[in-house]
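Taking it in order: structure first as structure tokens, then the write-up.
The values are calculated or read from the model by the stated rules, or taken from the named source; none is laboratory data. Since the model is a prediction, treat every value here as computed from it, not as a measurement. Virtual Cβ from ideal backbone geometry, glycine too; neighbours counted across all protein chains shown.
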Amino acid sequence: MKVVVTGIGITSALGNLNQSWQKLLEGKSAVGLNQPFAELPPLPLALINSQPVDLTSLTKQVVETAVKSSGLTLPLPECGVVIGSSRGYQGMLEKLAKKQLIQDSQQDNLEQDDGSFINLLPHQPAIFTASQIGTTGPVLAPMAACATGIWAIARAVELIETGQCQQVIAGAVESPITPLTIAGFRKMGALAQTGAYPFDRSREGLVLGEGAAILVLESAEFARQRSAKIYGQIRGCGLTNDASYGNAPDLSGKSALSAIAQCLKRSGLAAEDIDYVHAHGTATQLNDRHEANLIQHIFPQRVAVSSTKGATGHTLGASGALGVAFCLMAIENQVLPPCVGFNDAEFDLDLVRYGRESQVENVLCLSFGFGGQNAALVLSKV
């Protein structure tokens, strides 16, 4: 059964879908020096607003935009929901814990906070979305580190292919700029000091960014019946795990190569059929070297490659869903987005320096997450 995308909603630090795409093609970056927390020094971050975004409001806005984009009207009582997040409400939970430590002798505050805690569980963005669209269909809330976005879309495809749903709202949301997240990445030495430069010889590390991307997926038959606009077809997905290290890829690449091979096989495509690779491209030393080796192995004939994290920052769990949205825009506009922040290549890749007009039929989107999570997804023009 063919699964197609009929609606897209995104919010990144660059703006909404059209704003993000236009600024991306212009080579603009939303990364800037910010200090949202007085107890921490300024760092390059990609914030949507001046302060960390509220995850519930962000989710509601992007879901609303995706539904409107699809031409559907609410309620959607049988629609599935698959919305993931790697950090969820961590920022709010940190505030809650801090407040409890300060006021742990005040019973009234503890009772109030306990009620708030229930609404901050990791699956709540998906639950809130189900209520927003009025569905009693299946609701899933995947968490797979930075591979969450593609994993969520893959699960949504399964719901349609197995006949459980005709329509699914799928994607990922992330508000990852919190004191604990920053402290953790700083401790690892993974944060950049000036900006994000994917695949560049002078890359420093990742820049945290906020964002969300939600797609409306439908069976092709259902979409045709209602004469919906189709942005592209999801041809196949591949998901594997290194089962190796908690915070580094297995540099042998065996499991990651397997994910890409599975994805291509399920898509019915060969490597030569892929016109563009949207790379994970975090601008960290290990990821970019690992990913460059994978791409060179799978595509010895060379293929156009770029990462959009130099413009949006690394939105962690939402990054794969944002990548899929940008891939769909590349298909629709027949233009490849540039690798913003890239200047001096360390790797022998066909990195897109500027928005490049090109024939775009099939694209591969990659995500790699902590714990060795590997995710690959192929989209095609319909």
When the residues of the range 351-370 are narrowed to those that are crowded, with 18+ Cβ neighbours inside 10 Å and closer than 27 Å to Pro44 by Cα, which ends up nearest to the chain's Cα centre (by Cα)?
Ser367
In the range 234-247, the residues that are among the hydrophobic types (A, V, I, L, M, F, W, C) and either surrounded by 16 or more Cβ atoms within 10 Å (Cβ to Cβ) or free of Cβ contacts under 8 Å to residues at least 12 places away in the same chain (or both)
Ile234, Cys237, Leu239
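Could you please let me know if Gly310 is touching a residue at least 40 places away in the same chain (Cβ under 8 Å) and farther than 22 Å from Ala152 by Cα?
When the stated conditions are applied, Gly310 passes them.
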From the list Gly310, Gly371, Gly317, pick out the single residue that is part of a loop (DSSP other than H, G, I, E, B) and in contact with an Asp or Glu (Cβ under 9 Å, 6 or more places away or on another chain).
Gly371
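For the range 190-208: of the residues being among the aliphatic types (A, V, I, L, M) and part of a loop (DSSP other than H, G, I, E, B), which is surrounded by the fewest Cβ atoms within 10 Å (Cβ to Cβ)?
Ala190
Being assigned to a helix (DSSP H, G or I) and surrounded by 24 or more Cβ atoms within 10 Å (Cβ to Cβ) is the filter here, so list the residues in the range 1-20 that pass it. Walk me through how you get there before you give the answer.
Of the residues in the range 1-20, the ones assigned to a helix (DSSP H, G or I) are 17-20.
Listed by number, the list holds a single entry, Ser20.
Condition test on Gln262, is it at pLDDT 95 or above, on the phi < 0 side of the Ramachandran plot, not small (Gly, Ala, Ser) and not in a helix (DSSP H, G or I)? Lay out the reasoning, then the answer.
On the way: at pLDDT 95 or above: yes; on the phi < 0 side of the Ramachandran plot: yes; not small (Gly, Ala, Ser): yes; not in a helix (DSSP H, G or I): no.
Criteria not met by Gln262.
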Leu159 versus (1) surrounded by 21 or more Cβ atoms within 10 Å (Cβ to Cβ); (2) hydrophobic (A, V, I, L, M, F, W, C); (3) closer than 20 Å to Thr284 by Cα: which is the lone unmet condition?
(3)
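Name the residue, out of Pro138, Pro122, that is at pLDDT below 95 and within 23 Å of the chain's Cα centre (by Cα).
Working: Pro138 fails: at pLDDT below 95.
Unique residue meeting the criteria: Pro122.
Somewhere in the range 341-350, is a residue under 20 Å from Gly211 (Cα atoms), assigned to a loop (DSSP other than H, G, I, E, B) and touching a residue at least 60 places away in the same chain (Cβ under 8 Å)? I'd like the intermediate steps shown before the answer.
The first filter runs over the range 341-350 and keeps only residues under 20 Å from Gly211 (Cα atoms), leaving 341.
Filter again for assigned to a loop (DSSP other than H, G, I, E, B), leaving 341.
Still in the running and touching a residue at least 60 places away in the same chain (Cβ under 8 Å): 341.
Yes, the range 341-350 has at least one match.
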Test each condition in (1) part of a helix (DSSP H, G or I); (2) modelled with pLDDT of 95 or more for Cys365 and report the one that comes out false.
(1)
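May I ask you to say which residue of Lys68, Lys60, Lys28, Lys23 is charged (D, E, K, R), assigned to a loop (DSSP other than H, G, I, E, B) and in contact (Cβ under 8 Å) with a residue 60 or more places away in the chain? Step through it out loud before you land on a result.
Details: Lys68 fails: assigned to a loop (DSSP other than H, G, I, E, B); Lys60 fails: assigned to a loop (DSSP other than H, G, I, E, B); Lys23 fails: assigned to a loop (DSSP other than H, G, I, E, B).
Result: Lys28 is the single residue among Lys68, Lys60, Lys28, Lys23 that is charged (D, E, K, R), assigned to a loop (DSSP other than H, G, I, E, B) and in contact (Cβ under 8 Å) with a residue 60 or more places away in the chain.
Yes or no: Gly80 in contact with a Cys (Cβ under 7 Å, 6 or more places away or on another chain) and more than 29 Å from Pro198 (Cα to Cα)? Walk me through it before giving the result.
Values: in contact with a Cys (Cβ under 7 Å, 6 or more places away or on another chain): yes; more than 29 Å from Pro198 (Cα to Cα): yes.
It is true that Gly80 is in contact with a Cys (Cβ under 7 Å, 6 or more places away or on another chain) and more than 29 Å from Pro198 (Cα to Cα).
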